[in-house]
Amino acid sequence: MNRFFTCCFFLLAFSYSNAQKKNAAFQLHIHKTNAPVHIDGIADEEGWLNAEVAGDFRMVLPMDTSGALVRTDVSMTYDNENLYLLAVCYNYGEGRHMVESLRRDFSFLKNDNFLLFMDTFEDQTTGFSFGANAFGAQWDGAMYEGGKVDLNWDNKWTSAVKNYPDKWIFEAAIPFKTIRYKKDAKQWGINFGRNDLKTTEKSSWTPVPRQFPTASLAYTGSIIWDEAPPAPRSNISVIPYVLGSAAKNYTNPSKTVFDKGIGGDVKVSIGPSLNLDLTVRPDFSQVEVDKQVTNLSRFELFFPERRQFFLENGDLFANFGYADIRPFFSRRIGLGVPINFGARLSGKLDKNWRIGIMNMQTAKVAETDLPAQNFAVLSLQRKVFRRSNIGFIYIDKASLNYHPDEADSSKNIYSRYNRNIGMEYNLASSGNQWTGKAMVLKSFQPGAAGDDWTQAANMQYSSRKWLITAQLQHVGKNYTSEAGYVPRKGYIKLNPLITHYFFPKGGNVLTHGPQWSSVFYFNSAFKETDHSNILSYLITFRSKSTFNFVAQNDYVQLLNPFDPTNLGKDSLAAGSKHNWNTIGFDYVSAPQHLFTYTASMRYGGYYANGHLFTAGGDVGYRFQPYVNITMSASYNRLLLAQPWAKTNFLLVGPRIDVTFTNTLFFTTYIQYNEQLENLNINARLQWRYKPASDLFLVYTDNYYPGPFAVKTRAFVLKFNYWWNL
């Protein structure tokens, strides 16, 4: 096994291309302006009259072999404070613009929009993205892994969109102190993307193969400065908050608890590309609630991080490993426990090195005997070749001043410490056709008994017609990551996947093709314990709707007792073997309609010769751009022998988004979960009265569905202000 991972590592290390950047010939020259630029969507300033224009966009979807049908012209200029962007997005034919709402950070494929992608360090790996939809909703995010955008990144900038009979114009001012870039550099990587739902066309300034997103930094052109942009300056932002709240627990009759809080964050730029974040008594009450799911699995479910403090340069910490092997998962910090304070230093040391250092301390909780805990993380990343990198991570979770008395069984016992150390190599070829990873991890904890290593490797090949992936993982039975997300231990996993695409020359079908994937699990003796074999056929229509047919075979040998309903009724015995088949389909409607929907169905066997029927989907309608209503539902019907018999699980929840303007939002989210016997209501009003400064009013209720009665209720009023010193 170790020899295999060693071979994978060297295969990844030498499978690279050191060729010149694909679209180096695409250049946009930017010139400084001395005249003011007013951000109003009207291109009448002197700076725009003298600016060079990037036009002649290329079609990416539905096909990448021609110029774009929809014309887009882009200009850029700058002064001592801001980088300015002007995008003139011409209409093609008749019809209204299609947008979801005026809400910030919209879904790219469901809106007519324009986006900017900037590789400010010319490393084809990290960068920034800004944009807007056709009605002025803003989009901003930090870019990582060469083409992904973290929309949770939020910063100060201004923009305006103005609609005309034949076009819409997006104009923006991005302060230099909002972004990070290399000092004295006169060339950045850059690309522009446009999505037009009337024509179902996605286009970009530079040619991008259709299998890759327009955000792929490997396919950027270049912006050439007439002189180096202003030298990055030290910048300090103070973001205090104050809040008041009222909460009551009706299950244990007590008085309403009134609380108040004050805290905040400080952001300090250190040099051109490092950022120091400090936080004291952070509060995340305004963060959107998780979307619930019915859990019929044997393992813990994953819910993504949504808290702003953990997100900037979050890939340095959170992307180490794989989706099911994360040595660090920030949601382990402060989950139901107050955070006292924290600090994080992240960014670039130079053109080759990135660093991330985080330290967070949580408070003691007397009710559960939980001691105060400290979470420390060190992450280093070294660029190798053109787009690949080698990473190192160290994680230390420690209980402070904690000396448990294990003889006292009346108290909960917690570990004194848990540490992880690891390395990984991330491959990204110059054109992104080859990507992969090889990694190794080891944990340390009191009473360690060996077999606490984890190794994993994968390789992926992506072309217009083929997507081929192979992955192998080994997680030791004693490997422990208390600050991470590793839902399963003591296994070897093999996961191959092959997809092929066909491209008809005409008709309503754009692409179609089969996909075969398998997941095999083995114990340490390489004896099979689980597998899933999945054969599917995906059809993508020119309207952008999709239909996918699925057939699946599952085999499970239970390693531990398991209740197939997760209701605590009874458990199937460890060692018992189960095998079943399933068929189903998934359908997603075209996104350019006001009425949209998805539908999914599975029917087949289940544990203990039972049967499982699952159906779900979403139905949405938008009164654009102000109201977006979505109803989500899933239904699971289990037929099993006694004592489980017939069990039904219904999960249903409407969501109503009202965007009065692009700075005033109201969201109501209702979720009824039959498995948890809970009805949850979450309503949130957000007023962005200044860039990156907000007022929130949040209301939360939890009810017993039958008999209908309130469990808990809470109100929170929160005010924060972004103050630049």
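The values are calculated or read from the model by the stated rules, or taken from the named source; none is laboratory data. Note that this is a predicted model, so its numbers are computed, not measured. Cβ placement follows ideal geometry from the backbone for every residue including glycine, while neighbour counts extend to all protein chains displayed.
Screening segment 660-685 for residues that are in contact with a strand residue (DSSP E or B) (Cβ under 8 Å, 6 or more places away or on another chain), under 21 Å from Asp105 (Cα atoms) and of a type in the set (Val, Ile, Thr) and picking the one that is surrounded by the most Cβ atoms within 10 Å (Cβ to Cβ) gives Thr667. Among residues of segment 326-350 that are touching a residue at least 12 places away in the same chain (Cβ under 8 Å), those with a Cβ under 7 angstrom from a residue that is outside any strand (DSSP E or B) and hydroxyl-bearing (Ser, Thr, Tyr), sequence gap 6+ or separate chain, pair up as Pro327/Ser481; Gly347/Ser273; Lys348/Ser273. If you go through segment 688-696 one residue at a time, do you hit one that is farther than 18 Å from Arg104 by Cα and modelled with pLDDT of 90 or more? Checking segment 688-696: not a single residue is farther than 18 Å from Arg104 by Cα and modelled with pLDDT of 90 or more.
Look at (1) touching a strand residue (DSSP E or B) at 6+ places or on another chain (Cβ under 6 Å); (2) without any contact (Cβ under 8 Å) to a residue 24 or more places away in the chain; (3) more than 27 Å from Leu278 (Cα to Cα) and you find that Glu367 fails only one, number (1).
The single condition among (1) among the β-branched types (Val, Ile, Thr); (2) more than 30 Å from Thr546 (Cα to Cα); (3) assigned to a loop (DSSP other than H, G, I, E, B) that Ile30 does not meet is (3).
For segment 572-593, filtering for residues that are part of a loop (DSSP other than H, G, I, E, B) and at pLDDT 90 or above leaves 6. For Leu567, the criteria (1) more than 27 Å from the chain's Cα centre (by Cα); (2) surrounded by 15 or more Cβ atoms within 10 Å (Cβ to Cβ); (3) not polar (S, T, N, Q) hold in every case but one, which is (2). The sole residue among Asp657, Asp701 that is crowded, with 19+ Cβ neighbours inside 10 Å and among the acidic types (Asp, Glu) is Asp657.
Identify the residue in segment 518-535 that is among the polar types (S, T, N, Q) and either surrounded by fewer than 16 Cβ atoms within 10 Å (Cβ to Cβ) or free of Cβ contacts under 8 Å to residues at least 24 places away in the same chain (or both) and, among all such residues, is nearest to Gln211 (Cα to Cα). Can you show your working first?
In the first step, residues of segment 518-535 are kept if they are among the polar types (S, T, N, Q); the result is 518, 523-524, 529, 532-533.
Filter again for either surrounded by fewer than 16 Cβ atoms within 10 Å (Cβ to Cβ) or free of Cβ contacts under 8 Å to residues at least 24 places away in the same chain (or both), leaving 518, 523-524, 532-533.
Values: Ser518: 22, Asn523: 36, Ser524: 37, Ser532: 26, Asn533: 25 Å.
The selected residue is Ser518.
Looking across segment 130-184, the residues that are within 24 Å of the chain's Cα centre (by Cα), at pLDDT below 90 and more than 30 Å from Lys437 (Cα to Cα) come down to Asn155, Lys156, Thr178.
Return the residues of segment 279-303 that are aliphatic (A, V, I, L, M), modelled with pLDDT under 80 and out of contact with any Ser or Thr (no Cβ under 9 Å at 6 or more places or on another chain); say none if nothing qualifies. Can you show your working first?
Within segment 279-303, the subset aliphatic (A, V, I, L, M) is 280, 287, 289, 293, 296, 301.
Filter once more, keeping what is modelled with pLDDT under 80: 287, 289.
Within segment 279-303, just Val287 meets the criteria.
Scanning segment 130-142 for residues that are surrounded by fewer than 23 Cβ atoms within 10 Å (Cβ to Cβ) and part of a strand (DSSP E or B) yields a total of 1.
Can you tell me how many residues in segment 337-396 are part of a loop (DSSP other than H, G, I, E, B) and either out of contact with any Phe, Trp or Tyr (no Cβ under 9 Å at 6 or more places or on another chain) or among the hydroxyl-bearing types (Ser, Thr, Tyr) (or both)?
Within segment 337-396, residues that are part of a loop (DSSP other than H, G, I, E, B) and either out of contact with any Phe, Trp or Tyr (no Cβ under 9 Å at 6 or more places or on another chain) or among the hydroxyl-bearing types (Ser, Thr, Tyr) (or both) number 7.
Yes or no, residue by residue, for (1) within 27 Å of Pro691 (Cβ to Cβ); (2) part of a strand (DSSP E or B); (3) not small (Gly, Ala, Ser):
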{"position": "Pro229", "(1), (2), (3)": "yes, no, yes"}
{"position": "Thr251", "(1), (2), (3)": "no, no, yes"}
{"position": "Ile262", "(1), (2), (3)": "yes, yes, yes"}
{"position": "Val268", "(1), (2), (3)": "yes, yes, yes"}
{"position": "Gln286", "(1), (2), (3)": "yes, no, yes"}
{"position": "Arg306", "(1), (2), (3)": "yes, no, yes"}
{"position": "Phe317", "(1), (2), (3)": "yes, no, yes"}
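Taking the condition under 30 Å from Met63 (Cβ atoms), of a type in the set (A, V, I, L, M, F, W, C) and part of a strand (DSSP E or B), does Ile223 pass?
Details: under 30 Å from Met63 (Cβ atoms): yes; of a type in the set (A, V, I, L, M, F, W, C): yes; part of a strand (DSSP E or B): yes.
So Ile223 fits the description; yes.
All of Thr72, Thr77, Thr33 fail the test of being in contact with a His (Cβ under 7 Å, 6 or more places away or on another chain), modelled with pLDDT of 90 or more and surrounded by 15 or more Cβ atoms within 10 Å (Cβ to Cβ), apart from Thr77.
Being more than 30 Å from Phe502 (Cβ to Cβ) and out of contact with any Phe, Trp or Tyr (no Cβ under 8 Å at 6 or more places or on another chain) narrows it down to one residue among Gly422, Gly447; which is it?
Gly447
Per the conditions (1) touching a residue at least 24 places away in the same chain (Cβ under 8 Å); (2) over 17 Å from Thr668 (Cβ atoms); (3) surrounded by 16 or more Cβ atoms within 10 Å (Cβ to Cβ); (4) not charged (D, E, K, R), the sole criterion not satisfied by Thr630 is (2). Applying the criterion of being among the hydrophobic types (A, V, I, L, M, F, W, C) and touching a helix residue (DSSP H, G or I) at 6+ places or on another chain (Cβ under 8 Å) to the residues of segment 472-519, the residue that is modelled with the lowest pLDDT is Ala483. Return the pair list, or none, for Cβ contacts closer than 7 Å from residues in segment 389-418 that are farther than 22 Å from Ser443 by Cα to residues that are part of a loop (DSSP other than H, G, I, E, B) and modelled with pLDDT under 90, at least 6 apart or on different chains. The qualifying pairs are Glu406/Ile413; Lys411/Asp369; Asn412/Asp369. Which of the residues belonging to segment 397-446 are acidic (Asp, Glu) and either within 30 Å of Ala218 (Cβ to Cβ) or in a strand (DSSP E or B) (or both)? Within segment 397-446, Glu424 is the sole residue that qualifies.
The single condition among (1) farther than 30 Å from Lys348 by Cα; (2) in contact with a strand residue (DSSP E or B) (Cβ under 7 Å, 6 or more places away or on another chain) that Pro404 does not satisfy is (2). Residues that are over 14 Å from Tyr587 (Cα atoms) and hydroxyl-bearing (Ser, Thr, Tyr) within segment 512-546 comprise Ser517, Ser518, Tyr521, Ser524, Thr529, Ser532, listed in sequence order. Take the conditions (1) buried (at least 18 other Cβ atoms within 10 Å of the Cβ); (2) closer than 23 Å to Ala372 by Cβ; Arg281 misses just one of them, which is (1).
Of all residues in segment 490-499, at least one satisfies being of a type in the set (A, V, I, L, M) and closer than 13 Å to His474 by Cβ.
Looking only at segment 98-129, count every residue that is part of a loop (DSSP other than H, G, I, E, B) and either without any contact (Cβ under 8 Å) to a residue 40 or more places away in the chain or surrounded by fewer than 20 Cβ atoms within 10 Å (Cβ to Cβ) (or both) and tell me the total.
At the first step, the residues of segment 98-129 found to be part of a loop (DSSP other than H, G, I, E, B) are 98-107, 111-112, 120-126.
Subsequent filtering for residues that are either without any contact (Cβ under 8 Å) to a residue 40 or more places away in the chain or surrounded by fewer than 20 Cβ atoms within 10 Å (Cβ to Cβ) (or both) retains 104-107, 122.
Total satisfying the criteria: 5.
Does Arg306 meet the test of being modelled with pLDDT under 80, surrounded by 13 or more Cβ atoms within 10 Å (Cβ to Cβ) and of a type outside the set (Ser, Thr, Tyr)? Let's see the steps before the verdict.
Working: modelled with pLDDT under 80: yes; surrounded by 13 or more Cβ atoms within 10 Å (Cβ to Cβ): yes; of a type outside the set (Ser, Thr, Tyr): yes.
Answer is yes for this residue.
So which strands (runs of 3 or more DSSP E) are wholly in segment 151-210 and hold at least 3 residues that are out of contact with any Ser or Thr (no Cβ under 8 Å at 6 or more places or on another chain) and of a type outside the set (Ser, Thr, Tyr)? Write out each step before concluding.
On the way: elements: 158-163, 167-175, 187-196, 201-204.
Once the strands (runs of 3 or more DSSP E) in segment 151-210 are filtered for at least 3 residues that are out of contact with any Ser or Thr (no Cβ under 8 Å at 6 or more places or on another chain) and of a type outside the set (Ser, Thr, Tyr), what remains is 158-163, 167-175.
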